[in-house]
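Contents: one structure, followed by commentary.
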Amino acid sequence: MASCVNTLATKVAAGQLCKAFGIKFNTNPQVVQLAKNAGFDSLFIDLEHSTLSIDDVSQLSVAGLLAGITPFVRVPHQCGNGFVQRVLDGGAMGVIFPHIHSSQDAKAAVSISKYPPAGCRSMTGQLPVFSLRPIPQDRVIEESNRSASSVIVMIETKDAVENVDEIAAVEGVDVLLVGSNDLSIELGVPGGFQTPAFRSALESVSKACRRHGKTMGLAGLYDNYEIQNWAINTLHVRYMLCAIDSSLIASGATRCIAALPNVERER
């Protein structure tokens with residue numbers, strides 16, 4: 001068996017929430033252990049909005065595999081099959097594809113993530129998800145396609161919402177992940193997460209996911225208990241990006257300074 005458990009699959013199967021920790025600039029693998037200690041289930045390693053390298057991503061992914069916190073990587077938009085291949089070969093157990101507009105986009109995402117006959121991923125040996133051990137190719141194909149190559153497609157545009165039913169119907173897609181910030185901008189309500197337009201879009205995604213047996217995910221809404229509660233308990237969101245390393249450092253630093261006492265003037 002592959003050496004690592006896909007916590008997204010196990011959490012969803014148990015009807016629980018898979019909680020993702022985002023990494024966009026911290027390259028020290030020890031941050032993975034901090035995320036694990038805090039109770040996160042998976043990593044959301046961001047290559048779309050960061051300067052992380054493939055090597056950084058591989059080291060963070062391997063740290064996740066060893067710690068038991070499943071590594072997923074968001075790749076840049078239209079980065080090409082070769083780039084996605086390197087992310088998976090480096091230790092990612094799934095890929096997050098931004099700006100999916102149609103079923104054709106979703107099918108292409110599945111194709112590069114899966115070995116034949118399900119896709120067109122190229123074979124190599126001694127993969128991190130198998131602890132670098134030599135494994136027969138038929139086992140690599142079967143186990144990787146089943147549990148070590150999750151396909152997470154992002155819904156963050158008007159046309160994606162309009163096409164959400166056909167996207168959700170694509171075989172091999174595991175999660176439809178709403179990119180809240182880009183979607184709200186596209187809908188003409190930047191940051192308007194309480195608006196009817198935004199909430200209606202999320203309801204459409206939820207219905208499509210339930211209709212086709214896919215998992216709904218939510219990203220970009222941090223420290224917003226009301227919407228998170230609605231998303232989890234009404235829309236049945238089961239994958240959520242809960243925090244990003246940069247935001248946690250920024251907010252923590254702000255709270256630290258705000259809590260300091262002022263210097264009293266001498267009388």
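The values are calculated or read from the model by the stated rules, or taken from the named source; none is laboratory data. Note that the coordinates shown come from a computational prediction; the quantities given were computed from them, not determined experimentally. When we count neighbours, we look across all protein chains shown, and the Cβ atoms used for this are built from the backbone with ideal geometry, even at glycine.
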Residue, nearest to Ala168 (Cα to Cα), within segment 116-127, restricted to residues that are surrounded by fewer than 19 Cβ atoms within 10 Å (Cβ to Cβ) and touching a Lys or Arg at 6+ places or on another chain (Cβ under 9 Å): Cys120
Residue count for segment 145-182, restricted to those that are part of a helix (DSSP H, G or I) and in contact with a Lys or Arg (Cβ under 8 Å, 6 or more places away or on another chain): 3
Close pairs (9 angstrom Cβ cut-off, 6 or more residues apart or separate chains): in contact (Cβ under 8 Å) with a residue 40 or more places away in the chain in segment 48-60, surrounded by 14 or more Cβ atoms within 10 Å (Cβ to Cβ) and of a type in the set (Gly, Ala, Ser) anywhere: Ser58/Gly90; Ser58/Gly91; Ser58/Ala92
Near pairs, Cβ below 6 angstrom, 6+ apart or cross-chain, from segment 175-196 (on the phi < 0 side of the Ramachandran plot and of a type in the set (Gly, Ala, Ser)) to any residue that is modelled with pLDDT of 95 or more and crowded, with 16+ Cβ neighbours inside 10 Å: Gly179/Met154; Gly179/Glu156; Gly179/Ala219; Ser184/Phe198; Gly192/Ser184; Gly192/Phe198
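Would you confirm, using the coordinates I've provided, whether Val164 is touching a residue at least 24 places away in the same chain (Cβ under 8 Å) and over 27 Å from Ser50 (Cα atoms)? Outline the logic, then answer.
Values: touching a residue at least 24 places away in the same chain (Cβ under 8 Å): yes; over 27 Å from Ser50 (Cα atoms): yes.
Judged against the criteria, Val164 is a match.
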Selection count, segment 172-186, where residues are out of contact with any Phe, Trp or Tyr (no Cβ under 6 Å at 6 or more places or on another chain) and either surrounded by fewer than 23 Cβ atoms within 10 Å (Cβ to Cβ) or β-branched (Val, Ile, Thr) (or both): 8
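Yes or no: Val189 closer than 13 Å to Ile155 by Cβ and modelled with pLDDT of 95 or more?
no
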Filtered residue count, segment 26-56, keeping only those that are outside any helix (DSSP H, G or I) and under 21 Å from Leu177 (Cβ atoms): 13
Check on Ser53, more than 17 Å from Ser247 (Cβ to Cβ), touching a helix residue (DSSP H, G or I) at 6+ places or on another chain (Cβ under 9 Å) and surrounded by fewer than 22 Cβ atoms within 10 Å (Cβ to Cβ): no
